Amino acid sequence: MSDSSAIVRALILYGIILPLAILLGYLLVNLPQWDFSSLLVIGIVLGILCLPLLLRWHHPLLFLSWNMPAVIFFLPGRPELWLFLAVVSFAIVIIQKTVNPEVQLNPAPFVLYPLLFILLVVLATASMTGGIHLGSLGSESLGGRKYLYMIAGVIGFIAMTSHRIPADKAGFYVGAYFLGALPNIAAHLVYLCGSWLSFILYLFPAQAGISFMAEQGNDIVREVGVSRDYGLTATCCAAFFFMLARYGLRNILQAGMFKKLFALAFFALSMMGGFRSFLILMLMAVFFMFWLEGLFRSKFVVLPVAAIVVCLALAPFADKLPGSIQRSISFLPIVKVAPDVRFDAQSTSEWRINMWKILLPQVPQYFWLGKGCIANTSEFVTTLVAQRQGMAGDESRDEFGGVGD
């Protein structure tokens, strides 16, 4: 009886998998002729094949993808992986709760209720300002993806908190959440190892820092002689935060030289990107952990004092550092940086101030009902052309995406 059941299962299995494999192979052979229907079929086929994996591992996969710069390249618009998994994980959680009433969710009300209120505001604003439009689906308007990000963020939080994480797996989930950002360095691997690795850019494109890219298409931007590398900064910052979350600041300071050197290396390399905001974020995290772990009342209190003394002594010589590091520390008032670096850093601050000067008079008009995220495609193209011809100010970048710090 068992043999006949195994044969029946095998026949059913082959009857499903073989036609799907043939169909998928045919569509993959005709790559240049892909259209929306072909991409949709490929997505459905791969979704069916991955369904058992998603049912079993959707929760940890959601944590892994949350900070990962991966995209689903075969779907229209190339949606981010975290966005897709947030929707899938939320749907699985709701179905499990519906089918089995004994399944208990573990919401955090003090966070969930404000998020639901924000989601309600977002949906009401979208409904009253023209709806949600996606250019990737043929709409003449842009900006709908911003609505999707906000919606996916809320339902992703609900899916994340739907299962209580066992204490013995907390380290795994912390690592998945932070180290998922490591593929930001993918573009560098392709550059160092050669074009034979370029296929990984389909899954991990160098578009995580697209606002900072040069026209050549990689994630290193040079503005007024200052190199800005988002991929390296994001990767090192994620590794540094993982060490803080996994081991704690006290454990790192009390451990051997190995952990200290790694933490210091990640901290230093993150400044090579030239982003002041990342450095400020890491300094704030270290300060609060130093305070909350009671290290100001321990022997380690000499470390921040020594660090401040060393920085003060080296501040007059900061202009000898690489331009990207100078830009990262240019917000410090006593640091001497090169004039071109100072100009580059101040220019991004000035366009933010000018942007707010332009937008502040519009606050009363959109106080109760927001303007929404929808932008017309023709306006977007016109703005880009005007910027390239020097006829539009830098403030116009905010409406369609500004530059980073």
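Could you say which residue among ARG388, ARG352, ARG327 is at pLDDT 60 or above, open to solvent by 60 Å² or more (accessible area, probe 1.4 Å) and over 19 Å from GLY143 (Cβ atoms)?
ARG352
If only one of ASP344, ASP319 is at pLDDT below 85, farther than 21 Å from ALA239 by Cα and touching a strand residue (DSSP E or B) at 6+ places or on another chain (Cβ under 6 Å), which one is it?
ASP344
Can you tell me which residue among LEU13, LEU55 is modelled with pLDDT under 70, open to solvent by 90 Å² or more (accessible area, probe 1.4 Å) and aliphatic (A, V, I, L, M)?
Matching residue, one of LEU13, LEU55: LEU13.
Criterion first (open to solvent by 30 Å² or more (accessible area, probe 1.4 Å) and modelled with pLDDT of 85 or more) does VAL121 satisfy it?
Against the criterion (open to solvent by 30 Å² or more (accessible area, probe 1.4 Å) and modelled with pLDDT of 85 or more), VAL121 qualifies.
Under 6 Å by Cβ, and 6 or more places apart or on different chains, what pairs join a residue from region 176-190 that is in contact (Cβ under 8 Å) with a residue 40 or more places away in the chain with one that is outside any helix (DSSP H, G or I) and of a type in the set (D, E, K, R)?
These pairs meet every condition: ALA187/ASP219.
(1) of a type outside the set (A, V, I, L, M, F, W, C); (2) assigned to a helix (DSSP H, G or I); (3) open to solvent by less than 90 Å² (accessible area, probe 1.4 Å): which one isn't true of TYR366, the others all being true?
Going through the list (1) of a type outside the set (A, V, I, L, M, F, W, C); (2) assigned to a helix (DSSP H, G or I); (3) open to solvent by less than 90 Å² (accessible area, probe 1.4 Å), TYR366 breaks only (2).
Can you go through LEU303, LEU283, LEU295 and tell me which one is at pLDDT 90 or above, hydrophobic (A, V, I, L, M, F, W, C) and at negative phi?
LEU283
Going by the conditions given, is PHE317 in contact (Cβ under 8 Å) with a residue 60 or more places away in the chain and more than 29 Å from TYR247 (Cβ to Cβ)?
It is false that PHE317 is in contact (Cβ under 8 Å) with a residue 60 or more places away in the chain and more than 29 Å from TYR247 (Cβ to Cβ).
In region 317-353, what count of residues is obtained for those that are farther than 30 Å from LEU123 by Cα and assigned to a helix (DSSP H, G or I)?
23
Residue check: is LEU142 surrounded by 17 or more Cβ atoms within 10 Å (Cβ to Cβ), of a type in the set (A, V, I, L, M) and modelled with pLDDT under 85?
Here the answer is yes, as LEU142 does meet what is asked.
Please go through region 229-264 and pick out each residue that is free of Cβ contacts under 8 Å to residues at least 12 places away in the same chain and either part of a helix (DSSP H, G or I) or polar (S, T, N, Q) (or both).
ASN251, ILE252, GLN254, MET257, PHE258, LYS260, LEU261, LEU264
Residue check: is LEU264 open to solvent by 90 Å² or more (accessible area, probe 1.4 Å) and over 24 Å from GLN346 (Cα atoms)?
Considered against the rule, which asks whether it is open to solvent by 90 Å² or more (accessible area, probe 1.4 Å) and over 24 Å from GLN346 (Cα atoms), LEU264 comes out as yes.
In the set ARG342, ARG250, which member is in contact with an Asp or Glu (Cβ under 8 Å, 6 or more places away or on another chain) and surrounded by 14 or more Cβ atoms within 10 Å (Cβ to Cβ)?
Result of the check over ARG342, ARG250: ARG250.
The values are calculated or read from the model by the stated rules, or taken from the named source; none is laboratory data. Treat the numbers as computed from the prediction; the structure is a model and nothing was measured. Virtual Cβ from ideal backbone geometry, glycine too; neighbours counted across all protein chains shown. The area values use the complete protein model at the heavy-atom level, side chains included, leaving out ligands, DNA and RNA. Shrake-Rupley method; radii C 1.70, N 1.55, O 1.52, S 1.80 Å.
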